[in-house]
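J.: One structure, pasted below without further comment.
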C-alpha cells in the first residue's frame with residue numbers, strides 16, 4: 001500500500017535551498033481517489049487514537065487535516081503563521097531545516113483535556129510538530145498522536161518527540 005503513495009510523491013532536488021530534497025505531496029492531492037485513500041488512512045489512525053479534534057499547521061496541514069476532520073465528523077483547528085488569526089492567540093516558535101518561524105492558535109481553540117491528533121504532510125526535523133504540540137498543551141489539550149503522508153527518518157525529527165505516537169503513509173530515506 002505504501003508504494004502507491006510513494007510513487008506519487010515528487011522529489012524536487014535543491015528546493016527551497018541547495019542540498020534539500022523536497023518531497024512534494026501535491027500529486028497525491030491532485031488525484032481524487034488517492035487523496036481520498038490517504039485521507040481515509042489518516043482518519044483510521046486518528047479514530048484509533050480517539051481524537052476529539054484535528055489540528056493542522058499552516059499550510060499543508062490544512063490540506064491534510066481538514067478532510068480527515070470531515071471524514072470523522074470532528075472539528076479542525078488551524079495552527080497559523082503569525083498575525084493571521086483575528087482573536088487573542090498563543091504563539092510557539094520553531095526551527096526548520098532552512099530557517100525559523102512561529103505558529104499561533106486562538107486561545108479558545110482547544111478545550112482542556114481534549115484529545116488532539118496533528119495532521120500534516122511531512123515530518124522532517126519536527127520543529128513544526130513540536131511547536132503545534134506546545135500550542136495544544138499550552139491550551140490544556142493532549143496530543144495523542146500525529147499523522148503524516150511522509151516521514152523522513154534520517155533527519156531524526158521523530159526522536160525529538162519519543163513520547164508521541166507517529167503514523168505515516170511512507171518513509172523516505174536519504175536525500
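Nothing in this text is a laboratory measurement; each read-out follows from the coordinates by a stated rule. Predicted model, so just to flag it, every value in this text is computed and none were measured. Cβ sites come from the backbone with ideal geometry, for glycine too, and all protein chains shown count toward neighbours.
J.: What is segment 1-122's relative contact order, in percent, from Cα pairs under 8 angstrom and six or more apart in sequence?
T.: Here the relative contact order equals 23 percent.
J.: Related question: Only counting other Cβ atoms within 10 Å, I'd like 62, 15 sorted with the fewest neighbours first.
T.: 15, 62
J.: Less than 12 Å from a label point 7 Å out along the Cα-to-Cβ axis of residue 40: which backbone N atoms in segment 117-132 qualify, by residue?
T.: none
J.: Give me the distance in nm between label points sitting 7 Å out from Cα along the Cα-to-Cβ direction at residue 24 and residue 100, one decimal.
T.: Here the modelled spin labels are 3.0 nm apart.
J.: How would you classify the chain from its alpha-carbon gyration tensor, with a ≥ b ≥ c the square roots of the eigenvalues: rounded for a/c under 1.5, else prolate if a/b is greater than b/c, otherwise oblate?
T.: Here the chain falls in the oblate category.
J.: Next up: How many angstrom lie between the C-alpha centres of segment 147-175 and segment 96-135?
T.: 15 Å
J.: Separate question: Starting with the highest mean, order 105-114, 36-45, 144-153 by the number of other Cβ atoms within 10 Å, averaged over the residues of each peptide.
T.: Put in order of decreasing packing, that is 144-153, 36-45, 105-114.
J.: Quick check of the Kirkwood formula: for segment 44-90, what is the inverse mean of 1/r over all pairs of different Cα atoms, in Å?
T.: Details: mean 1/r = 0.0885 Å⁻¹.
For segment 44-90, inverting the mean 1/r across all distinct Cα pairs yields 11.3 Å.
J.: Averaged over all directions, how much area does the convex hull of the C-alpha atoms of segment 61-154 cover when projected, in nm²? Don't skip to the answer; put the middle values down first.
T.: Details: hull surface 24.3 nm².
Directional mean of the projected Cα hull area for segment 61-154 stands at 6.1 nm².
J.: So what is the 222 nm mean residue ellipticity for the chain from helices alone, if each DSSP H run of at least 4 adds -39500 (n - 2.57) and you divide by all residues, rounding to the nearest 500 deg cm²/dmol?
T.: So the calculated ellipticity at 222 nm is -9000 deg cm²/dmol.
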